[in-house]
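**Q** Can you keep this structure in mind? I'll have questions shortly.
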Amino acid sequence: MPDDLNWAIGGEAGDGINSTGKIFAQALSRAGRHVFTSKDFASRIRGGYTAYKVRSSTERVESVVDRLDILIALTQRTVEENMDELHEGSVIIYDGERTMMEDFEAPEGMIGLPVPLKRLAEDAGGALMQNIVALGAACEVANFPIENLDEALEKRFGDKGESIVANNRQAARLGEEHVVEELDHDEFDYDIETTDNDYVLLNGDEAIGMGAIAAGCRFYSGYPITPATDVMEYLKGRLERYGGHVMQAEDELAAINMALGAARAGARSMTATSGPGIDLMTETFGLVATSETPLVICDVMRSGPSTGMPTKQEQGDLDMLLYGGHGEIPRFVVAPTTISECFHKTIEAFNLAEKYQTPVYLVGDLALAVSEQTFEPEEFDMDSVEIDRGKLVDENEIDSWLNDSDQFQPHFPAADGISPRTLPGTSGGAHMTTGLEHDELGRRTEEQEVRIEQVDKRNQKVETAKNEEDWDYREFGDSDADTLVLSWGSNEGAMREAMGFLDEADIDVRFLSVPYMFPRPDLTEEIEAADEVIVVECNATGQFADVVEGDTLTRVKRINKYNGVRFKADELAERITEKLDAAQEVPT
Amino acid sequence: MSSDVRFTDFKSDKQPTWCPGCGDFGTMNGMMKALANTGNDPDNTFVVAGIGCSGKIGTYMHSYALHGVHGRALPVGIGVKSANPDLEVMVSGGDGDGYSIGAGHFVHAVRRNMDMTYVVMDNRIYGLTKGQASPTSREDFETATTPDGPKQAPVNPLALALAADGSFIAQSFSSDAQRHTEIVQQAVEHDGFGFVNVYSPCVTFNDVDTYDYFRDAIVDLDEEGHDPTDRDAAQKKIMDEDTEYQGVIYQDEESEPYNERHGLDENMADIPDGAPEDATDLVREFY
């Protein structure tokens, strides 16, 4: 059997699915195995189908695949929901003594493994531990030494006291013993390796939060919304350690305005929300840009429009992020493509915001936000973090930025478009700023020449940034390949793995993963060099494909997915193959 | 802060475009005097305003200031004060800005009890959009959008503030310069959210709630011997809809402002050149 292990636990929300999945993922990670996790969840607190999937390998894994080797099914529906991914030899662990599963028969070729989960859990000290019994059984099936669970159980239950931890360890061992005693091991032969590697395991929202702290963020205000709330939950308690503060606002309008206020007072500030929250923030977004306030606004996209499917994947907000708001608003739109890039691009977003005194949209998506992945800890190198606060003027330099009547010029139309900036409290720097069109002093004006001067000045900042910063892409595969695939956001992981499948089918692909939506790299040359160009994204209309076509004046092919589920590597390889086959069938 | 600051130091060189006789002149003068009297100077003061006639105040005052979007001035002030508690933060808005579009923020700002001052220029009408009913307009007040009157109860801002556990609730009249200044000054000195509703007549569009009306109607709480620390007495005054009171209606002198409760005493603008020294601990948590 391959060393790759695809494991899942499924049941009803409230069954402890997430914490059990997380315990297994952490155990694998601590045993030196790479892990990638994904969650299927519904928008409800209790009941409804929910699942936590863990893919694990000794090689780095960056996506999910259509395959399940071991499934812990707490409900019959779990088996039904995952039928397409189960295969010959898949092991389904279930409680044969529970009514809802007692008549269960594993589909042909699969191995049903009844374990008295509830009864053994009660033997260990409480029925609640049934998942841990199942986990112990799964360890035995995978030939994964059960001691590896101990540390993760300590981490999860340590706060509740040593006896709870001990009971859980015991529950796991009862599950393990049951498999050893009752079942024939020859039926399945998983044997996964462990290594000495130390990995960290985190999701995209956590990486954004960690990046924010590394970048010197001190103020965060937000309103709870799936799937962005994890950013706030991560920061709460941690930001305070560094003298910062997390404020739960009364709504998204308050959240962005609080962040704007804190930013004007000089704090590096951020708010995070999802699409519906961006809608509400859009009016103030224009104010942030016009008042030239540095601010990072994070949009963790989910399925829309309106309330759409709040717990499902989609990349449908690009048009809004690029063009949203009345009038013309200079902005940056940065979209990390992997979980570790969520960390690095967040730091970059804070620097861009302060250097150019411009709002920055930091764009994640649900698949990035809730999936966890293992990394070498060095990938989050804190020593290499550099903070650039831009043209911050202190009391000593202020004289050069005063006008004839000794007033500070916060909107001085410098050639690069970037004005000096004083923070409140700076002597001699008092000034006002406004969303109204204003002169260099921040005073309202409707004079035509001043209007043009200030609009040009604000837009010039973006032009300056285009020249001064790297707006590059990440490149994978054969740079001479005839087929060029482009994607943005979380699709990178699936696409990189898909390239392995394509390679097996002798399909050569050049893949560019684009993390900058505005400004963005000019892809004209790359597109002209390719015979086939395919843009991959999780939306129905192909918003990024439209942008690429507009930029390069070239028609591209599109692979879109909008059923609420992220791309899987094998599925993506298949769809690319189909596109290329279809292209060849067209008579020339 | 310097002791030789005069209130005129808070004046900008822009001439207000408010209508001659507008109540907002007096409201603003009192605010500037209160700031100077309490030892503030323009460089440590941050004034936030929303939209409408009241929103113009940031332009006419000289300080650090932000003129924001309609109804959202309070959250901006809260952000400023969180990031730098050394700043004196004063937020100003109108009755539409504060009690209509911003009503949610008002209630939450009151209960948050951030140490700042909120001055509302209440003229019981929308002035800048030329005379529509506002949330404090009388039930039978005829306007272009309510030709038969709004036919709904006006908002009682003081009652909202008391219900949200406000720690300083006051009302003043812009043309009673001395009392108005005193009251705003007390709000600035209060440790917590100092809220002052100011009767600031609109001479162009409101011919009911005029200077003459307020002059005749106003009852000064000091003269009545009202004890502002008595919450029940405050509630009686606030619910008495037939009387226009001036003065501090309620003050909780023991109130603990948000900044203190949350230990916000540092200037968040001060950050290192790189990641915090022990930032690697953040990575370790994910092992």
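The values are calculated or read from the model by the stated rules, or taken from the named source; none is laboratory data. Everything numeric in this text was worked out from a predicted model, so none of it was measured. Methodologically, a virtual Cβ is constructed for each residue, glycine included, from the backbone with ideal geometry; neighbour enumeration extends over all protein chains shown. The accessibility values were calculated without ligands, DNA or RNA, using every heavy atom of the protein model including side chains. Shrake-Rupley method; radii C 1.70, N 1.55, O 1.52, S 1.80 Å.
**Q** Average partner chain C-beta neighbours within 10 Å, per residue of A:215-225? Walk me through the numbers on the way to the answer.
**A** Values: counts 3, 9, 2, 8, 5, 0, 4, 0, 0, 0, 0.
So the per-residue partner count for this stretch is 3.
**Q** How large, in percent, is the carbon and sulfur part of the accessible surface of the protein assembly as shown at a probe radius of 1.4 Å? Let's see the in-between values first.
**A** Values: 14390 of 33450 Å².
With neighbouring chains kept in place, the figure for the protein assembly as shown is 43 percent.
**Q** Follow-up question, since we're still on this one. How big is the dipole moment of the stretch B:1-123 about its Cα centre under a simple scheme where the beta carbon of each Lys and Arg is +1, that of each Asp and Glu is -1, and everything else is neutral? Debye, nearest 20, please. Could you put the intermediate results ahead of the total?
**A** Values: 9 positive and 12 negative charges, 51 e Å.
For the stretch B:1-123, the charge dipole is close to 240 debye.
**Q** To continue, here is another question. Need one number: % antiparallel among DSSP beta bridges in the stretch A:474-585, to the nearest 5. Each step should come with its number before you reach the end.
**A** On the way: 4 of 19 bridges.
If I count the DSSP bridges inside the stretch A:474-585, around 20 percent turn out antiparallel.
**Q** A follow-up question, please. Quick one: if the Förster radius is 30 Å, what FRET efficiency do A:S400 and A:N459 give, using the C-beta to C-beta distance and rounding to 0.05? Could you put the intermediate results ahead of the total?
**A** On the way: r = 25 Å, r/R0 = 0.82.
It comes out at approximately 0.75.
**Q** Take the alpha carbon gyration tensor of the stretch A:304-364, find the square roots of its eigenvalues, order them as a ≥ b ≥ c, and report rounded if a/c is under 1.5; if not, report prolate when a/b exceeds b/c, else oblate.
**A** Details: a/c = 3.14, a/b = 1.21, b/c = 2.59.
In terms of gyration-tensor shape, oblate.
**Q** Taking the dipole about the Cα centre of chain B, with the C-beta of Lys and Arg at +1 and of Asp and Glu at -1, give me whichever of B:Y126, B:G98, B:P85 is farthest to the positive side.
**A** Selected residue: B:Y126.
**Q** Okay, moving on. Report, in debye and to the nearest 20, how large the dipole of the stretch A:381-442 comes out about its Cα centre when Lys and Arg carry +1 and Asp and Glu carry -1 on their Cβ. It would help to have the intermediate numbers written out before the result.
**A** Numbers: 3 positive and 14 negative charges, 40 e Å.
That gives a dipole near 200 debye.
**Q** Order A:563-572, A:39-48, B:71-80, B:51-60 from most to least packed using the mean count of other Cβ atoms within 10 Å. Kindly include the intermediate steps, with their values, before the conclusion.
**A** Working: A:563-572: 20.6, A:39-48: 14.2, B:71-80: 30.9, B:51-60: 25.3.
Going by the mean number of other Cβ atoms within 10 Å, highest first, we get B:71-80, B:51-60, A:563-572, A:39-48.
**Q** Quick one: net charge of B:L35's neighbours, Cβ under 10 Å, K/R +1, D/E -1? Spell out each step's value before the answer.
**A** On the way: positive: B:K33; negative: B:D9, B:D41, B:E88.
Around B:L35, the surrounding residues sum to -2.
**Q** Given the peptides A:132-140, A:452-460, A:339-347, arrange them by the average over their residues of other C-beta atoms within 10 Å, most packed first. Could the numbers behind the result be given before it?
**A** Values: A:132-140: 28.8, A:452-460: 16.6, A:339-347: 24.9.
Output ranking for A:132-140, A:452-460, A:339-347: A:132-140, A:339-347, A:452-460.
**Q** Taking the Cα centre as origin and putting +1 on Lys and Arg beta-carbons and -1 on Asp and Glu beta-carbons, what dipole magnitude results for the protein assembly as shown, to the nearest 20 debye? If you can, show how the numbers build up before the last one.
**A** Numbers: 72 positive and 164 negative charges, 549 e Å.
Around 2640 debye, computed over the protein assembly as shown.
**Q** Kindly identify the stretch A:5-198 as rounded, prolate or oblate by the Cα gyration tensor criterion: order the square roots of the eigenvalues as a ≥ b ≥ c, call it rounded if a/c is under 1.5, otherwise compare a/b with b/c, prolate if a/b is larger, else oblate.
**A** Values: a/c = 1.19, a/b = 1.05, b/c = 1.14.
Since a/c stays below 1.5, the shape of the stretch A:5-198 is classed as rounded.
**Q** Mind checking the mean number of beta-carbon atoms from other chains within 10 Å of the Cβ atoms in A:364-377?
**A** Details: counts 0, 0, 0, 0, 0, 0, 0, 0, 1, 0, 1, 2, 0, 5.
For this peptide, the per-residue mean of nearby foreign Cβ atoms is 1.
**Q** Could you work out the relative contact order of chain A, using alpha carbon pairs under 8 angstrom and six or more residues apart, expressed as a whole percent?
**A** Dividing the mean separation by the residue count of chain A yields 12 percent.
**Q** Still on this structure, please answer the following. Output the relative contact order of the stretch B:102-232, whole-number percent, from Cα pairs under 8 angstrom with separation of 6+ residues.
**A** Relative contact order, the stretch B:102-232: 29 percent.
**Q** Another question, then. May I ask you to list the lysines whose Cα is less than 25 Å away from that of B:K236, ignoring any residue fewer than eight positions away on the same chain?
**A** B:K151
**Q** Taking loop as defined by DSSP and a crowding limit of 16 other beta carbons within 10 Å, which trypsin sites (Lys or Arg not before Pro) in the stretch A:186-281 fit? Walk me through the numbers before you get to the answer.
**A** Numbers: sites: A:R218, A:K236, A:R238, A:R241, A:R264, A:R268; in loops: A:K236, A:R238.
Counting only loop positions with at most 16 other Cβ atoms within 10 Å, the trypsin sites (Lys or Arg not before Pro) in the stretch A:186-281 are A:K236.
**Q** Now for a different question. Report the Cα centroid-to-centroid distance between the stretch B:230-268 and the stretch B:132-160 in angstrom, as an integer.
**A** 25
**Q** Still on this structure, please answer the following. Under the 0.36 nm per residue contour assumption, what length would be gained going from the current alpha-carbon distance of A:D388 and A:D123 to full extension?
**A** 89.5 nm
**Q** Any idea which of A:T552, A:P515, A:A573 is furthest toward the positive side of the dipole for the stretch A:443-588, if Lys and Arg beta-carbons carry +1 and Asp and Glu beta-carbons -1?
**A** Selected residue: A:P515.
**Q** While we're on this one: In degrees, nearest 10, range 0 to 90: what is the angle between the Cα axis of helix A:543-552 and the longest Cα principal axis of chain A?
**A** The angle comes out near 50 degrees.
**Q** Still on this structure: B plus A alone minus the pair: what accessible area, both sides summed, probe 1.4 Å, in Å² to 100? Let's see the in-between values first.
**A** Numbers: alone 14060 and 24320 Å², together 33450 Å².
Its buried surface, counting both partners, is about 4900 Å².
**Q** Counting only other chains, what is the mean number of Cβ atoms within 10 angstrom of the Cβ of each residue in peptide A:242-253? Before the final figure, lay out each step's value.
**A** Values: counts 10, 9, 6, 10, 1, 8, 0, 6, 9, 4, 0, 8.
Counting Cβ atoms of other protein chains within 10 Å of each residue's Cβ and averaging gives 6.
**Q** Need one number: nm distance between label points at A:M83 and A:R60, each 7 Å from Cα along Cα→Cβ, rounded to one decimal.
**A** 3.8
**Q** Rounded to the nearest 5, what % of the DSSP beta bridges within the protein assembly as shown are antiparallel ones?
**A** On the way: 36 of 118 bridges.
Antiparallel bridges make up about 30 percent of those DSSP assigns within the protein assembly as shown.
**Q** I've got another one for you. Using every Cα-Cα pair within the stretch B:7-286, state what percent have a distance larger than 24 Å. Working shown, then result.
**A** Working: 18855 of 39060 pairs.
Of all Cα-Cα distances in the stretch B:7-286, 48 percent exceed 24 Å.
**Q** Now for a different question. Net charge within 10 Å of A:Q407 by Cβ-Cβ distance, Lys/Arg positive one each and Asp/Glu negative one each, not counting A:Q407 itself? Provide the component values of the computation, followed by the final result.
**A** On the way: positive: A:R443; negative: A:D404, A:D406, A:E440, B:D13.
My count for the surroundings of A:Q407 gives -3.
**Q** Where does chain B land at 222 nm, in deg cm²/dmol rounded to the nearest 500, when only DSSP H runs of n ≥ 4 count, each adding -39500 (n - 2.57), divided by all residues?
**A** Values: 10 runs with 85 residues, N = 287.
When only DSSP H runs of four or more count, the value is -8000 deg cm²/dmol.
**Q** Which pairs, out of A:K39/A:K312; A:K345/A:K457; A:K236/A:K568; B:K11/B:K56, put more than 21 Å between their alpha-carbon atoms? Don't skip to the end; give the middle numbers.
**A** Working: A:K39/A:K312 10 Å; A:K345/A:K457 26 Å; A:K236/A:K568 33 Å; B:K11/B:K56 13 Å.
Beyond 21 Å between Cα atoms: A:K345/A:K457; A:K236/A:K568.
**Q** Would you mind putting B:264-270, A:167-173 in packing order, based on average other-beta-carbon counts within 10 Å, highest first? Show your work: numbers first, answer last.
**A** On the way: B:264-270: 18.4, A:167-173: 24.1.
Ranking, from highest mean packing down: A:167-173, B:264-270.
**Q** To the nearest 10 degrees, how steeply does helix A:204-214 sit against the main Cα axis of chain A, on a 0 to 90 scale?
**A** 50
**Q** Here is a further query. How many angstrom lie between the C-alpha centres of the stretch B:100-123 and the stretch B:30-79?
**A** The two parts, judged by their Cα centres, are 13 Å apart.
**Q** Right, something else. May I ask for the net charge around A:G304, where only other residues with Cβ less than 12 Å from the Cβ of A:G304 are counted and Lys, Arg are +1 while Asp, Glu are -1?
**A** With Lys, Arg at +1 and Asp, Glu at -1, the neighbours total -4.
**Q** Which of B:A275, B:A159, B:A234 ends up with the largest GNM mean-square fluctuation for chain B, with Cα atoms connected below 10 Å?
**A** Among B:A275, B:A159, B:A234, the largest GNM mean-square fluctuation belongs to B:A275.
**Q** Where does the stretch A:474-585 land on the Kirkwood hydrodynamic radius, alpha-carbon pairs, in angstrom? List each step's numbers first, then the result.
**A** Details: mean 1/r = 0.0720 Å⁻¹.
Every distinct Cα pair counted, the radius reaches 13.9 Å.
**Q** Before I look further, what does chain A give for accessible area per residue, probe 1.4 Å, in whole square angstrom? Walk me through the intermediate numbers first.
**A** Values: 21960 Å² over 588 residues.
Heavy-atom SASA per residue in chain A reads 37 Å².
**Q** In square angstrom, what is the accessible area per residue of the stretch B:136-242 with a 1.4 angstrom probe?
**A** 49
**Q** Principal axis lengths of chain A from Cα atoms, whole Å, largest first?
**A** 91, 69, 42
**Q** For the stretch A:398-468, what class follows from the C-alpha gyration tensor (a ≥ b ≥ c being the square roots of its eigenvalues): rounded when a/c is under 1.5, otherwise prolate if a/b is larger than b/c, else oblate?
**A** oblate
**Q** Another question, then. To the nearest 500 deg cm²/dmol, what mean residue ellipticity at 222 nm is calculated for chain A from DSSP H runs of n ≥ 4 alone, each contributing -39,500 (n - 2.57), summed and divided by the residues? Don't jump to the answer; show the numbers that get you there.
**A** On the way: 18 runs with 216 residues, N = 588.
Computed ellipticity for chain A at 222 nm equals -11500 deg cm²/dmol.
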